[in-house]
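Since the structure comes first, as C-alpha coordinates, the remarks are kept for the end.
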Amino acid sequence: MTRRSETLRAIGMAATVLEQSRHCVRTSFDIIGAVAERNVPLLFRPLDKLWGAFITVNDEARGIIVTTKLGLPVQRFTVAHELGHLLLGHRSSLDETVGFAGRNAPASRPAEEAAADTFASELLAPKQLLRASAKRHGWTRAKLHDPAHIYQLSLRLGISYQAACWALATADVLERAEAERLQSTPVKPLKQAVAPAVPMPNPWADVWALTEADSGTSLEAGPDDIFAVQVQDHASAGYIWRLVDANAESELLGERAPDLLRGYGAPTARVLYVRFRAAGVHQLVFEHIRPWSRATLSRIEIDIDGHGKERDGWARRARLDALGHAA
(Lines give C-alpha, C1' and ligand atoms only; values in the text may rest on other atoms or scores of the structure.)
Protein backbone atom coordinates (compact mmCIF):
# COMPACT_ATOMS: atom_id res chain seq x y z
CA MET A 1 0.00 0.00 0.00
CA THR A 2 1.06 3.57 -0.58
CA ARG A 3 1.55 5.91 2.36
CA ARG A 4 -1.54 7.88 1.35
CA SER A 5 -3.77 4.81 1.08
CA GLU A 6 -2.59 3.57 4.48
CA THR A 7 -3.40 6.96 6.02
CA LEU A 8 -6.85 6.97 4.43
CA ARG A 9 -7.45 3.46 5.71
CA ALA A 10 -6.53 4.60 9.23
CA ILE A 11 -8.96 7.53 8.99
CA GLY A 12 -11.74 5.21 7.82
CA MET A 13 -11.03 2.65 10.54
CA ALA A 14 -11.16 5.32 13.25
CA ALA A 15 -14.51 6.53 11.88
CA THR A 16 -15.83 2.96 12.01
CA VAL A 17 -14.75 2.48 15.63
CA LEU A 18 -16.35 5.81 16.57
CA GLU A 19 -19.61 4.83 14.90
CA GLN A 20 -19.67 1.49 16.72
CA SER A 21 -18.92 2.98 20.13
CA ARG A 22 -21.45 3.95 22.74
CA HIS A 23 -22.31 7.62 23.07
CA CYS A 24 -22.33 9.04 26.60
CA VAL A 25 -21.74 12.22 28.59
CA ARG A 26 -17.97 11.72 28.61
CA THR A 27 -16.08 14.56 26.98
CA SER A 28 -13.27 12.13 26.04
CA PHE A 29 -13.44 8.98 23.94
CA ASP A 30 -13.55 5.76 25.97
CA ILE A 31 -10.44 4.11 24.54
CA ILE A 32 -10.21 1.47 27.29
CA GLY A 33 -13.81 0.50 26.60
CA ALA A 34 -13.13 0.28 22.85
CA VAL A 35 -10.25 -2.15 23.47
CA ALA A 36 -12.34 -4.22 25.90
CA GLU A 37 -15.27 -4.42 23.45
CA ARG A 38 -12.93 -6.08 20.95
CA ASN A 39 -11.67 -8.59 23.54
CA VAL A 40 -8.09 -7.40 23.10
CA PRO A 41 -5.84 -8.14 26.10
CA LEU A 42 -4.43 -4.87 27.47
CA LEU A 43 -1.66 -4.85 30.04
CA PHE A 44 0.27 -2.05 31.74
CA ARG A 45 3.87 -2.55 32.82
CA PRO A 46 6.76 -0.22 33.89
CA LEU A 47 8.56 -0.57 30.55
CA ASP A 48 12.01 1.00 30.42
CA LYS A 49 12.52 1.98 26.78
CA LEU A 50 9.09 1.49 25.24
CA TRP A 51 5.90 3.53 25.37
CA GLY A 52 3.92 0.57 24.13
CA ALA A 53 3.79 -2.50 21.96
CA PHE A 54 1.37 -4.48 19.83
CA ILE A 55 2.21 -8.18 19.90
CA THR A 56 1.12 -11.12 17.73
CA VAL A 57 2.10 -14.76 18.22
CA ASN A 58 1.64 -17.17 15.32
CA ASP A 59 -0.89 -14.73 13.88
CA GLU A 60 -3.36 -15.82 16.55
CA ALA A 61 -2.64 -14.53 20.06
CA ARG A 62 -2.44 -10.77 20.18
CA GLY A 63 -2.39 -8.05 22.75
CA ILE A 64 -1.33 -4.56 23.74
CA ILE A 65 1.11 -3.52 26.42
CA VAL A 66 1.67 0.09 27.54
CA THR A 67 4.11 1.56 30.03
CA THR A 68 3.00 2.85 33.42
CA LYS A 69 5.66 5.56 33.26
CA LEU A 70 3.52 7.83 31.08
CA GLY A 71 0.83 10.26 32.23
CA LEU A 72 -2.83 9.50 31.53
CA PRO A 73 -3.18 11.52 28.26
CA VAL A 74 -0.10 9.91 26.70
CA GLN A 75 -1.11 6.47 27.97
CA ARG A 76 -4.49 6.91 26.26
CA PHE A 77 -2.89 7.98 22.98
CA THR A 78 -0.45 5.07 23.12
CA VAL A 79 -3.29 2.58 23.71
CA ALA A 80 -5.11 4.05 20.69
CA HIS A 81 -1.91 3.88 18.62
CA GLU A 82 -1.44 0.18 19.41
CA LEU A 83 -5.12 -0.53 18.73
CA GLY A 84 -4.57 1.13 15.36
CA HIS A 85 -1.75 -1.30 14.58
CA LEU A 86 -4.05 -4.19 15.44
CA LEU A 87 -7.12 -3.09 13.48
CA LEU A 88 -5.04 -2.08 10.45
CA GLY A 89 -3.54 -5.58 10.31
CA HIS A 90 0.04 -4.58 11.06
CA ARG A 91 2.61 -7.00 12.37
CA SER A 92 3.99 -6.76 15.89
CA SER A 93 5.27 -3.30 16.73
CA LEU A 94 7.59 -2.19 19.54
CA ASP A 95 7.17 1.56 19.95
CA GLU A 96 9.80 3.63 21.73
CA THR A 97 7.49 6.61 21.25
CA VAL A 98 4.38 7.58 19.28
CA GLY A 99 3.69 10.64 17.15
CA PHE A 100 0.94 13.14 17.93
CA ALA A 101 0.81 14.78 14.49
CA GLY A 102 -1.42 12.14 12.90
CA ARG A 103 -2.00 12.86 9.22
CA ASN A 104 0.42 15.80 9.59
CA ALA A 105 3.29 13.43 10.40
CA PRO A 106 6.61 14.19 8.65
CA ALA A 107 7.56 12.11 5.63
CA SER A 108 10.39 10.55 7.65
CA ARG A 109 7.85 8.80 9.90
CA PRO A 110 7.46 5.13 8.78
CA ALA A 111 4.17 4.61 6.95
CA GLU A 112 2.70 2.08 9.41
CA GLU A 113 3.65 4.23 12.41
CA ALA A 114 2.15 7.33 10.78
CA ALA A 115 -1.03 5.36 10.09
CA ALA A 116 -1.27 4.22 13.73
CA ASP A 117 -0.66 7.83 14.84
CA THR A 118 -3.41 8.98 12.48
CA PHE A 119 -5.83 6.36 13.78
CA ALA A 120 -5.16 7.45 17.39
CA SER A 121 -5.60 11.15 16.63
CA GLU A 122 -8.79 10.62 14.58
CA LEU A 123 -10.23 8.38 17.32
CA LEU A 124 -9.40 10.47 20.38
CA ALA A 125 -9.88 13.92 18.84
CA PRO A 126 -12.50 13.56 16.10
CA LYS A 127 -14.23 16.66 14.77
CA GLN A 128 -17.47 15.82 16.58
CA LEU A 129 -15.76 15.85 20.00
CA LEU A 130 -13.81 18.98 19.10
CA ARG A 131 -17.01 20.73 18.04
CA ALA A 132 -18.94 19.55 21.11
CA SER A 133 -16.41 21.01 23.57
CA ALA A 134 -15.94 24.19 21.52
CA LYS A 135 -19.68 24.80 21.29
CA ARG A 136 -20.24 24.09 24.98
CA HIS A 137 -17.59 26.61 26.06
CA GLY A 138 -17.93 29.21 23.32
CA TRP A 139 -14.46 28.51 21.97
CA THR A 140 -14.61 30.09 18.55
CA ARG A 141 -12.03 29.37 15.85
CA ALA A 142 -10.27 32.58 16.86
CA LYS A 143 -10.15 31.54 20.54
CA LEU A 144 -8.68 28.15 19.63
CA HIS A 145 -5.50 29.90 18.51
CA ASP A 146 -4.93 30.74 22.20
CA PRO A 147 -2.76 28.19 24.09
CA ALA A 148 -4.92 28.63 27.22
CA HIS A 149 -8.03 27.42 25.40
CA ILE A 150 -6.12 24.65 23.59
CA TYR A 151 -4.89 23.39 26.97
CA GLN A 152 -8.44 23.29 28.36
CA LEU A 153 -9.62 21.53 25.19
CA SER A 154 -6.89 18.91 25.60
CA LEU A 155 -8.12 18.16 29.13
CA ARG A 156 -11.69 17.59 27.92
CA LEU A 157 -10.49 15.28 25.14
CA GLY A 158 -8.11 13.37 27.40
CA ILE A 159 -5.11 14.00 25.17
CA SER A 160 -1.85 15.90 25.56
CA TYR A 161 -1.57 19.60 24.76
CA GLN A 162 0.67 18.72 21.81
CA ALA A 163 -1.88 16.24 20.44
CA ALA A 164 -4.60 18.89 20.74
CA CYS A 165 -2.54 21.34 18.67
CA TRP A 166 -2.20 18.77 15.88
CA ALA A 167 -5.87 17.77 16.11
CA LEU A 168 -6.79 21.43 15.51
CA ALA A 169 -4.49 21.42 12.49
CA THR A 170 -6.27 18.33 11.17
CA ALA A 171 -9.59 20.13 11.68
CA ASP A 172 -8.25 23.10 9.67
CA VAL A 173 -8.48 25.42 12.68
CA LEU A 174 -4.70 25.88 12.81
CA GLU A 175 -2.22 26.03 9.97
CA ARG A 176 0.46 23.35 10.14
CA ALA A 177 3.19 25.92 10.86
CA GLU A 178 1.14 27.41 13.68
CA ALA A 179 0.48 23.98 15.20
CA GLU A 180 4.22 23.30 15.03
CA ARG A 181 4.91 26.55 16.85
CA LEU A 182 2.11 26.27 19.44
CA GLN A 183 2.90 22.68 20.42
CA SER A 184 6.15 23.85 22.03
CA THR A 185 4.31 26.25 24.37
CA PRO A 186 5.15 25.39 28.01
CA VAL A 187 2.08 24.10 29.82
CA LYS A 188 3.16 25.09 33.33
CA PRO A 189 2.38 28.82 32.87
CA LEU A 190 -1.04 27.86 31.46
CA LYS A 191 -1.79 25.99 34.69
CA GLN A 192 -0.52 28.82 36.88
CA ALA A 193 -2.70 31.33 35.03
CA VAL A 194 -5.84 29.36 36.00
CA ALA A 195 -4.85 28.94 39.66
CA PRO A 196 -2.23 31.62 40.39
CA ALA A 197 -2.36 31.46 44.19
CA VAL A 198 -3.06 27.75 44.72
CA PRO A 199 -0.11 25.54 45.77
CA MET A 200 0.39 22.46 43.60
CA PRO A 201 2.32 19.71 45.42
CA ASN A 202 2.33 17.63 42.23
CA PRO A 203 3.80 19.68 39.34
CA TRP A 204 2.44 17.15 36.83
CA ALA A 205 -1.16 17.69 37.95
CA ASP A 206 -3.53 19.57 35.67
CA VAL A 207 -5.69 22.61 36.41
CA TRP A 208 -9.22 22.58 35.01
CA ALA A 209 -11.05 25.86 34.36
CA LEU A 210 -14.68 24.84 34.89
CA THR A 211 -17.90 26.80 34.41
CA GLU A 212 -21.63 26.09 34.36
CA ALA A 213 -21.08 24.89 30.78
CA ASP A 214 -19.35 21.78 32.19
CA SER A 215 -22.43 20.76 34.17
CA GLY A 216 -23.80 17.39 33.12
CA THR A 217 -20.51 16.14 31.69
CA SER A 218 -18.15 13.39 32.79
CA LEU A 219 -14.43 14.18 32.97
CA GLU A 220 -11.38 11.94 33.24
CA ALA A 221 -8.78 13.55 35.49
CA GLY A 222 -5.78 12.85 37.69
CA PRO A 223 -5.93 12.33 41.47
CA ASP A 224 -4.00 15.54 42.20
CA ASP A 225 -5.73 17.79 39.69
CA ILE A 226 -7.10 21.19 40.73
CA PHE A 227 -10.56 22.34 39.64
CA ALA A 228 -11.05 26.10 39.29
CA VAL A 229 -14.82 26.64 39.11
CA GLN A 230 -15.93 30.07 37.90
CA VAL A 231 -19.33 31.15 39.21
CA GLN A 232 -21.43 34.31 39.22
CA ASP A 233 -23.30 35.15 42.41
CA HIS A 234 -26.54 37.11 42.37
CA ALA A 235 -25.83 38.51 45.80
CA SER A 236 -28.36 41.33 45.50
CA ALA A 237 -31.08 38.66 45.32
CA GLY A 238 -29.46 36.63 48.08
CA TYR A 239 -28.14 33.82 45.88
CA ILE A 240 -24.60 32.56 46.55
CA TRP A 241 -22.78 29.65 44.93
CA ARG A 242 -21.44 27.09 47.38
CA LEU A 243 -19.80 23.67 47.23
CA VAL A 244 -22.17 20.90 48.25
CA ASP A 245 -20.36 18.36 50.40
CA ALA A 246 -21.65 15.45 48.30
CA ASN A 247 -18.29 13.70 48.61
CA ALA A 248 -16.27 13.61 51.80
CA GLU A 249 -13.08 13.64 49.74
CA SER A 250 -13.77 17.10 48.25
CA GLU A 251 -11.82 20.02 49.66
CA LEU A 252 -12.37 23.72 48.99
CA LEU A 253 -8.88 25.21 48.75
CA GLY A 254 -10.00 28.83 48.58
CA GLU A 255 -11.38 31.36 46.18
CA ARG A 256 -10.46 34.40 44.19
CA ALA A 257 -12.16 37.47 45.68
CA PRO A 258 -15.08 39.00 43.77
CA ASP A 259 -14.45 42.12 41.72
CA LEU A 260 -15.53 44.99 44.00
CA LEU A 261 -15.45 47.52 41.16
CA ARG A 262 -18.61 46.14 39.56
CA GLY A 263 -21.76 48.21 39.61
CA TYR A 264 -24.12 47.92 42.55
CA GLY A 265 -26.46 44.95 42.19
CA ALA A 266 -24.51 43.38 39.31
CA PRO A 267 -23.54 39.69 39.49
CA THR A 268 -20.13 39.15 41.08
CA ALA A 269 -17.70 36.62 39.62
CA ARG A 270 -15.68 34.28 41.80
CA VAL A 271 -13.37 31.37 41.14
CA LEU A 272 -13.61 28.53 43.67
CA TYR A 273 -10.67 26.12 43.86
CA VAL A 274 -11.41 22.48 44.66
CA ARG A 275 -9.47 19.26 44.81
CA PHE A 276 -10.11 15.72 46.02
CA ARG A 277 -8.05 14.14 48.78
CA ALA A 278 -7.92 10.68 47.20
CA ALA A 279 -8.13 8.99 43.83
CA GLY A 280 -11.54 7.68 42.88
CA VAL A 281 -14.83 8.47 41.23
CA HIS A 282 -16.21 11.78 42.47
CA GLN A 283 -19.03 14.18 41.84
CA LEU A 284 -18.38 17.91 41.93
CA VAL A 285 -21.62 19.65 42.96
CA PHE A 286 -22.28 23.36 43.43
CA GLU A 287 -25.60 25.02 44.26
CA HIS A 288 -26.65 28.61 43.61
CA ILE A 289 -28.65 28.97 46.78
CA ARG A 290 -30.24 31.36 49.27
CA PRO A 291 -28.67 30.06 52.49
CA TRP A 292 -31.52 31.09 54.80
CA SER A 293 -34.40 29.68 52.73
CA ARG A 294 -32.62 26.87 50.85
CA ALA A 295 -34.16 28.17 47.62
CA THR A 296 -31.96 26.96 44.76
CA LEU A 297 -31.59 28.93 41.54
CA SER A 298 -29.35 26.45 39.68
CA ARG A 299 -26.83 23.64 40.14
CA ILE A 300 -23.54 22.50 38.68
CA GLU A 301 -23.03 18.73 38.67
CA ILE A 302 -19.90 17.23 37.11
CA ASP A 303 -18.84 13.58 37.31
CA ILE A 304 -15.09 13.09 37.66
CA ASP A 305 -13.10 9.90 37.30
CA GLY A 306 -10.09 10.94 39.31
CA HIS A 307 -8.06 7.74 39.20
CA GLY A 308 -5.53 9.14 36.74
CA LYS A 309 -3.13 6.95 34.82
CA GLU A 310 -3.33 3.18 34.71
CA ARG A 311 -1.14 1.28 37.17
CA ASP A 312 0.75 -2.00 36.87
CA GLY A 313 -1.36 -4.91 35.63
CA TRP A 314 -4.62 -5.15 33.72
CA ALA A 315 -6.56 -1.98 32.97
CA ARG A 316 -8.45 -0.76 36.03
CA ARG A 317 -11.83 -1.47 34.47
CA ALA A 318 -10.83 -5.05 33.62
CA ARG A 319 -9.83 -5.63 37.25
CA LEU A 320 -13.13 -4.21 38.51
CA ASP A 321 -15.08 -6.35 36.05
CA ALA A 322 -13.17 -9.45 37.16
CA LEU A 323 -13.90 -8.70 40.82
CA GLY A 324 -17.57 -8.18 39.96
CA HIS A 325 -17.78 -11.54 38.20
CA ALA A 326 -15.99 -13.22 41.11
CA ALA A 327 -18.49 -11.76 43.56
Looking at SER108, is it in a loop (DSSP other than H, G, I, E, B) and over 27 Å from ARG131 (Cα atoms)?
yes
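Which residue is farthest from the chain's Cα centre (by Cα), if the candidates are limited to the stretch 98-151 and must be of a type in the set (Phe, Trp, Tyr) and in the same structural domain as ILE64 (by TED's automatic domain parsing)?
PHE119
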Could you grab the pairs with beta carbons closer than 6 Å, sequence gap of 6+ or different chains, first residue in the stretch 191-203 and more than 14 Å from LEU252 (Cβ to Cβ), second one of a type in the set (Gly, Ala, Ser)?
VAL194/ALA209; VAL194/ALA228
Pairs please, first residue from the stretch 270-282 and under 20 Å from GLN192 (Cα atoms) and not assigned by TED's automatic domain parsing to the domain that holds ASP233, second anywhere and of a type outside the set (S, T, N, Q) and modelled with pLDDT of 95 or more, Cβ atoms under 6 Å, 6+ apart in sequence or on different chains.
none
When VAL17 is evaluated against the numbered criteria (1) more than 20 Å from the chain's Cα centre (by Cα); (2) part of a helix (DSSP H, G or I), which criterion, by number, is the only one it fails?
(1)
Taking the options ALA120, ALA116, name whichever one is in contact with an Asp or Glu (Cβ under 8 Å, 6 or more places away or on another chain) and either crowded, with 16+ Cβ neighbours inside 10 Å or without any contact (Cβ under 8 Å) to a residue 24 or more places away in the chain (or both).
ALA116
Hey, any hits in the stretch 39-54 for a residue that's surrounded by 13 or more Cβ atoms within 10 Å (Cβ to Cβ) and under 20 Å from LYS127 (Cα atoms)?
no
Going through (1) within 24 Å of THR16 (Cβ to Cβ); (2) under 19 Å from the mean Cα position of the chain (by Cα); (3) outside any strand (DSSP E or B) one by one, VAL40 fails only at (2)
Would the stretch 126-138 turn up any residue that is aliphatic (A, V, I, L, M) and in a loop (DSSP other than H, G, I, E, B)?
no
Has the stretch 68-76 got any residue that is within 18 Å of MET13 (Cα to Cα) and either among the β-branched types (Val, Ile, Thr) or surrounded by 15 or more Cβ atoms within 10 Å (Cβ to Cβ) (or both)?
yes
Kindly evaluate ASP95 against the criterion of being in the same structural domain as GLY12 (by TED's automatic domain parsing) and either touching a residue at least 40 places away in the same chain (Cβ under 8 Å) or more than 15 Å from the chain's Cα centre (by Cα) (or both).
yes
Select, from GLU301, GLU251, GLU287, the only residue that is of a type in the set (D, E, K, R), at pLDDT below 90 and assigned to a strand (DSSP E or B).
GLU251
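Out of everything in the stretch 129-142 that is out of contact with any Lys or Arg (no Cβ under 9 Å at 6 or more places or on another chain) and within 25 Å of GLY222 (Cβ to Cβ), what residue ends up being surrounded by the fewest Cβ atoms within 10 Å (Cβ to Cβ)?
Start the filter on the stretch 129-142 by keeping residues that are out of contact with any Lys or Arg (no Cβ under 9 Å at 6 or more places or on another chain), which leaves 130-131, 135, 138-142.
Those still in the list that are within 25 Å of GLY222 (Cβ to Cβ) too: 130, 139.
Details: LEU130: 21, TRP139: 19.
Only one residue fits best here, namely TRP139.
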Does any residue of the stretch 81-97 turn out to be assigned to a loop (DSSP other than H, G, I, E, B), acidic (Asp, Glu) and modelled with pLDDT of 95 or more?
yes
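The values are calculated or read from the model by the stated rules, or taken from the named source; none is laboratory data. All values reported here derive from a predicted model rather than from experimental measurement. Methodologically, a virtual Cβ is constructed for each residue, glycine included, from the backbone with ideal geometry; neighbour enumeration extends over all protein chains shown.
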